[in-house]
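Asker: Structure provided below as structure tokens; questions to follow.
Read-outs: derived from the displayed coordinates by stated rules, not from any lab. These figures come from a predicted structure and were not determined experimentally. In this analysis, Cβ positions are derived from the backbone assuming ideal geometry, glycine residues included, and neighbour counts consider all displayed protein chains.
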Amino acid sequence: MKSNNKNVNIKLRRHGQTYDEFEVPFEEGMNILSALQYIYENLDRTIAYPVCLCRMGKCGACIMQVNGKSQLGCAVRLAADKLYVIETIGNKEVIKDLITK
Amino acid sequence: MKNYNHLITDVLVIGSGGAGMRAAISAHDDGANVMILSKGRLGVSGSTVTACADVSVDSNSITKLLGFNGDIEDSKEQFAADTIKSGWGLNHKELVDVFADQAPRRVKELIDWGAKVENFAISPGHTYRRAIIIKGNNFAHTLARQIRLRPTIQVLEGVIALDIIVKDRCATGVYAVNIMNGEFTTISAKSIIIATGGAMNVFPVTTAPNDLMGDGMAMAYRAGAKMVDMEFQTFLMGCCSPSSLIGNNYPFVLMCRAGAHLYNREGERFMEKWDPERREKSTRDKIAVASTLEILEGRGGRNGGVWVSVRHIPKNLFEYYTEWYEGKKTGFDEKDFLPDLMQDGIESMPSAHFWNGGIKIDTDCSTGIEGLFAAGECAGGIHGANRLSGNAMSEILVTGNIAGHSAARTAASAQVTTPSKEEEYAYYKKLEDMFCGNGSEDPVVLKKQLQKTAWETIGPVREQKELERAIRICDEVENKIPHLCCHGDRVYNKEWIDAMSLANMCDIIRITAAAAAHRKESRSSHYRKDYNKPNDSMFCNITVEKSNGQLKMSNCSVSTQKVQGVQQI
Ligand SMILES: Cc1cc2nc3c(=O)[nH]c(=O)nc-3n(C[C@H](O)[C@H](O)[C@H](O)COP(=O)(O)OP(=O)(O)OC[C@H]3O[C@@H](n4cnc5c(N)ncnc54)[C@H](O)[C@@H]3O)c2cc1C
Ligand code: FES
């Protein structure tokens with residue numbers, strides 16, 4: 001269900017420091033994980049987010065800060081033409097991008 | 001030559017789902033030094049945490065041992081008989097007897113450790129009310145708590161086992177990689193338990209978490225162990241759109257619990273042709289085959305699925321049906337991502353859910369390779385051609401416990417053996433070279449090619465020429481592995497992790513395709529377009545092993561023997 005010409009913008013904190021911004025084609029009903037997967041497969045192979053994911057709100061592995069709020073990445077439905085700033089939660093030591101110790 | 005990390009333990013458990021955790025507890029309590037190595041985090045990775053979950057034991061024991069309101073007419077024998085009926089008679093009978101006998105004690109123990117029983121139910125295929133409802137996350141957290149109460153159990157999270165090190169048909173350790181820092185780690189162990197779950201992610205659409213790629217089965221196969229019943233996979237209806245819900249089993253739940261209907265593009269309720277009485281309440285394998293044929297014959301939708309619809313149900317009644325569904329409580333609700341279900345259907349397709357076969361084990365969970373044991377979904381035999389509902393969750397406790405005891409016993413009299421520096425270097429060099437920059441093969445493209453091939457060839461509908469094509473493609477992809485090209489550094493590198501899983505995917509798809517090509521009949525979830533009826537001459541188990549570098553297949557007569565005096569543990 002691709003909706004033509006609409007995007008979502010993902011601003012991802014890299015290595016606990018800078019941010020990279022990605023433009024992802026918008027699709028009705030997509031979540032943060034679908035956007036990250038799109039970025040990984042099509043835009044930047046070096047982004048790091050968990051490899052073990054239940055994708056159904058049960059494992060907690062996708063917990064992240066989305067626009068300043070702690071949320072399960074799989075539970076956040078994205079809206080078209082909106083910016084999502086994504087980073088790790090809390091003060092845990094960042095290993096890479098969304099991965100903490 | 002490089003220095004790698006080296007660790008030593010008595011018992012090494014690979015995987016931290018229910019089977020791995022239960023195994024570690026028993027091995028520890030028998031006095032062994034235990035290490036758990038897990039791709040995902042302890043207690044929250046694998047299928048265990050996602051289960052809905054019915055945990056089956058015979059109903060008589062629900063009354064007499066567990067003290068709840070069961071049905072005393074039931075017996076362990078009847079439970080075993082139902083399990084074998086559901087498995088189309090291909091189950092390893094001795095294992096089933098051990099399972100039916102020990103399951104109540106294992107579940108009682110779990111409840112004594114604090115697992116919360118939510119309810120009881122009668123599940124399809126069971127003669128009595130045997131489903132004890134314990135949510136998967138509660139089940140997993142209860143076991144994780146027991147691990148933490150045993151602080152000498154070492155838990156290594158974010159470490160992927162790559163291969164078993166074998167010397168003279170004896171397992172001596174594993175080659176592994178710590179994905180958190182990209183370092184290679186060789187672990188030497190006196191005995192090893194594989195508890196890595198199923199291989200559902202060789203398919204593009206699965207209900208199971210992303211970590212389950214069949215790594216343990218592929219490693220055991222390469223180590224020389226036999227695989228059994230690998231042609232039997234369970235598929236159930238999952239979403240094929242939107243991207244956030246791919247594989248999510250909500251459509252299946254709606255069919256079971258809310259009486260949802262299934263339509264093809266022509267608006268036909270096609271299950272009427274296949275099972276006029278039960279229709280959408282038919283068995284999972286029939287629904288999977290029927291839906292796949294509808295899709296293949298061009299009566300599917302844009303996203304490759306058929307439609308699951310609840311439009312015929314009044315809105316306020318539908319709200320009641322889904323009340324029990326836990327969604328909102330965890331913050332995740334499928335309905336947030338779906339269109340209004342009172343208007344639209346959910347485009348759905350058969351999604352890989354459960355791996356019925358696996359590493360062939362005996363009643364002590366041994367694999368035929370000295371020092372190598374297997375437990376849980378990666379092991380084959382108990383379920384035969386088709387698992388009975390709720391049997392996975394009780395089975396992982398039973399085989400986990402047995403494997404833990406067996407591995408501790410073996411470790412008590414075994415020596416530690418370490419690989420030579422040369423062997424180790426040669427092994428890790430291939431993985432380091434995936435970054436060397438000379439290669440041009442894209443791991444993500446190859447992974448997707450394998451997943452697409454798996455769906456087209458070893459999915460719910462199979463035929464000879466397609467199965468042969470699967471094997472050819474696996475050979476081709478395998479030849480490309482030395483020419484892979486990964487980007488970036490080794491710290492938590494997803495592309496490299498995908499690259500390292502390709503060899504396992506090739507082995508799993510090839511073994512499955514070979515067994516499925518060999519089974520020239522249709523039986524349970526194994527449906528062949530070119531042999532669409534069961535054939536009595538195929539009433540046997542197919543085993544697959546690697547012998548002198550070649551895939552070797554054998555027909556094994558189905559075991560019928562009752563177990564005499566199995567050790568009570
Ligand atoms: C959505 C869903 C619902 C289900 N509902 C039910 C139900 O209601 N009742 C029922 O009986 N069954 C159910 N099942 C099946 C059941 O959950 C599983 O069969 C069972 O949990 C498997 O347990 P396990 O310990 O063998 O493997 P898993 O729980 O899958 O654990 C495997 C572990 O191995 C790790 N691992 C994998 N590869 C490697 C590697 N290379 N190195 C290190 N670690 C590795 C993983 O990270 C994970 O920790 C369901 C399955 C799914 C997907
Ligand atoms: S992926 Fe498991 S909770 Fe989000």
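Asker: What spacing in nm lies between the two simple spin-label points modelled at A:E93 and B:S440, each 7 Å away from Cα in the Cβ direction?
Answerer: In this crude label model, A:E93 to B:S440 measures out at 4.2 nm.
Asker: Which whole number gives the average count of other chain Cβ atoms within 10 Å of the Cβ atoms across peptide B:477-489?
Answerer: 1
Asker: Mind putting a number on the dipole of chain B about its Cα centre? Charges go on the C-beta only, +1 for Lys and Arg and -1 for Asp and Glu, and I need it in Debye to the nearest 20.
Answerer: 260
Asker: Further question: Would you mind giving the three semi-axes, in whole Å and largest first, of the ellipsoid equivalent to the range B:1-141 according to its Cα gyration tensor?
Answerer: Details: eigenvalues 210, 58, 43 Å².
In descending order the semi-axes read 32, 17, 15 Å.
Asker: Related question: Rounded to the nearest 0.05, what FRET efficiency do B:F539 and B:L149 have when you use their Cβ-Cβ distance and R0 = 56 Å?
Answerer: That gives a FRET efficiency of 0.75.
Asker: A further question on this structure: For chain B, list the DSSP H helices whose alpha carbon atoms reach 27 Å or more along the long axis and whose average Kyte-Doolittle value is 0.0 or above?
Answerer: B:391-412, B:494-518
Asker: Here's something else I'd like to know. Toward the positive end of the charge dipole of the range B:93-186, about the Cα centre and with charges on Cβ (Lys, Arg +1; Asp, Glu -1), which of B:I165, B:A176, B:T152 goes farthest?
Answerer: Farthest along the dipole direction, towards plus: B:T152.
Asker: Among the listed pairs A:K96/B:K480; B:K190/B:K447; B:K76/B:K190; B:K39/B:K430; B:K116/B:K273; A:K6/B:K529, which are separated by more than 32 Å between their Cα atoms?
Answerer: B:K190/B:K447; B:K76/B:K190; B:K116/B:K273; A:K6/B:K529
Asker: May I pose another question? Evaluate the charge dipole of the protein assembly as shown about its Cα centre and quote only its size in Debye, nearest 20, assuming +1 on the Cβ of each Lys and Arg and -1 on the Cβ of each Asp and Glu.
Answerer: Details: 79 positive and 80 negative charges, 84 e Å.
The dipole of the protein assembly as shown has a size of about 400 debye.
Asker: Could I ask something else about it? Picking from A:L53, A:L78, A:L33, which is most flexible by a Gaussian network model of chain A using Cα springs under 10 Å?
Answerer: Comparing A:L53, A:L78, A:L33 in a Gaussian network model of chain A, the most mobile one is A:L53.
Asker: List residues of the range B:496-525, by number, whose backbone nitrogen lies under 20 Å from a label position 7 Å along Cα→C-beta of B:Q550.
Answerer: Zone members listed by number: B:507-508, B:510-519.
Asker: Also, quick follow-up: Can you check what the Kirkwood hydrodynamic radius comes to for the range B:400-445, Cα pairs only, in Å to one decimal?
Answerer: 14.4
Asker: Extension gain B:D433-B:D29, at 0.36 nm per residue separation less the Cα-Cα distance, in nm?
Answerer: The span from B:D433 to B:D29 would gain 141.3 nm if fully extended.
Asker: Let me test this: with uniform point scatterers at the alpha carbons of the range B:144-205, what is the Debye-based log₁₀ I(q)/I(0) at q = 0.16, 0.17, 0.30 1/Å?
Answerer: Result of the Debye calculation: -0.72, -0.80, -1.20.
Asker: Convex hull over the Cα atoms of the range B:234-353, averaged projected area in nm²?
Answerer: Values: hull surface 28.3 nm².
Projected area, direction-averaged: 7.1 nm².
Asker: Additional query: Taking +1 at the Cβ of each Lys and Arg and -1 at the Cβ of each Asp and Glu, which of B:S554, B:A503, B:V477 sits farthest along the dipole of the range B:422-556 towards its positive end, judged by Cα position relative to the Cα centre?
Answerer: Going by the charge dipole, the pick is B:S554.
Asker: Between B:Q464 and B:K335, take the C-beta separation as r, use R0 = 41 Å, and let me know the FRET efficiency to the nearest 0.05.
Answerer: On the way: r = 43 Å, r/R0 = 1.04.
Once the sixth-power term is evaluated, E becomes 0.45.
Asker: So if we plug the beta-carbon distance of B:S420 and B:D112 into 1/(1 + (r/R0)^6) with R0 = 41 Å, what FRET efficiency do we get, rounded to 0.05?
Answerer: The calculated FRET efficiency here is 0.30.
Asker: Hey, any idea what Rg/Rh is for chain B, computing Rh the Kirkwood way over Cα pairs?
Answerer: Ratio of gyration radius to Kirkwood radius for chain B: 0.95.
Asker: Measuring from the lowest to the highest alpha carbon on each principal axis, how far does the range B:348-447 reach, largest first, in angstroms?
Answerer: 52, 49, 17
Asker: Can I ask one more? Please provide three numbers in whole Å: the alpha-carbon extents of the range A:7-92 along the principal axes, with the largest listed first.
Answerer: Principal axes ranked by extent give 30, 29, 23 Å for the Cα atoms.
Asker: Let me ask something else about it. With a cut-off of 8 Å between alpha carbons and a minimum separation of six or more residues, what is the relative contact order of chain B in percent?
Answerer: 21
Asker: With unit charges on the beta carbons (Lys and Arg positive, Asp and Glu negative) and the dipole taken about the Cα centre of the range B:234-353, which residue among B:F318, B:C256, B:M342 sits farthest to the positive side?
Answerer: Working it through, the farthest residue towards the positive pole turns out to be B:C256.
Asker: In addition: Quick one: work out Rg over Rh on the C-alpha atoms of the range B:422-556, Rh as Kirkwood radius.
Answerer: Values: Rg = 17.6 Å, Rh = 16.4 Å.
Computed over Cα atoms, the ratio is 1.07.
Asker: Here is a further query. In debye to the nearest 20, how big a dipole does the range B:422-556 give about its Cα centre with +1 on each Lys and Arg Cβ and -1 on each Asp and Glu Cβ?
Answerer: 740
Asker: Which residues in the range B:504-543 have a backbone N closer than 20 Å to a point placed 7 Å from the Cα of B:D475 along the Cα-to-Cβ line?
Answerer: The answer is B:504-519, whose backbone nitrogens lie closer than 20 Å to the label point.
Asker: Using a Gaussian network for chain A with springs between C-alpha atoms less than 10 Å apart, which of these wobbles most: A:C62, A:C52, A:C74?
Answerer: For chain A, modelled as a Gaussian network with Cα springs under 10 Å, the answer is A:C52.
Asker: How many nm separate the modelled label positions at A:N5 and B:N5, each set 7 Å beyond the Cα in the direction of the Cβ?
Answerer: 5.2
Asker: Let me ask something else. Holding the Cα-Cα limit at 25 Å, pick out from A:K69/A:K101; B:K167/B:K226; B:K135/B:K281; A:K58/A:K101; B:K226/B:K448 the pairs that are longer than that.
Answerer: B:K226/B:K448
Asker: State, to one decimal in nm², a quarter of the convex hull surface area for the C-alpha atoms of the protein assembly as shown, i.e. the direction-averaged projected area.
Answerer: In nm², the orientation-averaged hull projection of the protein assembly as shown is 28.3.
Asker: Output the lone cysteines of chain B: those with no second cysteine's C-beta under 4.7 Å from their C-beta.
Answerer: Lone cysteines by the Cβ rule: B:C52, B:C170, B:C239, B:C240, B:C256, B:C365, B:C378, B:C436, B:C485, B:C486, B:C540, B:C556.
Asker: Using mean Cβ contacts within 10 Å as the protection proxy, how do A:87-100, B:73-86 order, highest first? Let's see the in-between values first.
Answerer: Working: A:87-100: 16.4, B:73-86: 19.0.
Put in order of decreasing packing, that is B:73-86, A:87-100.
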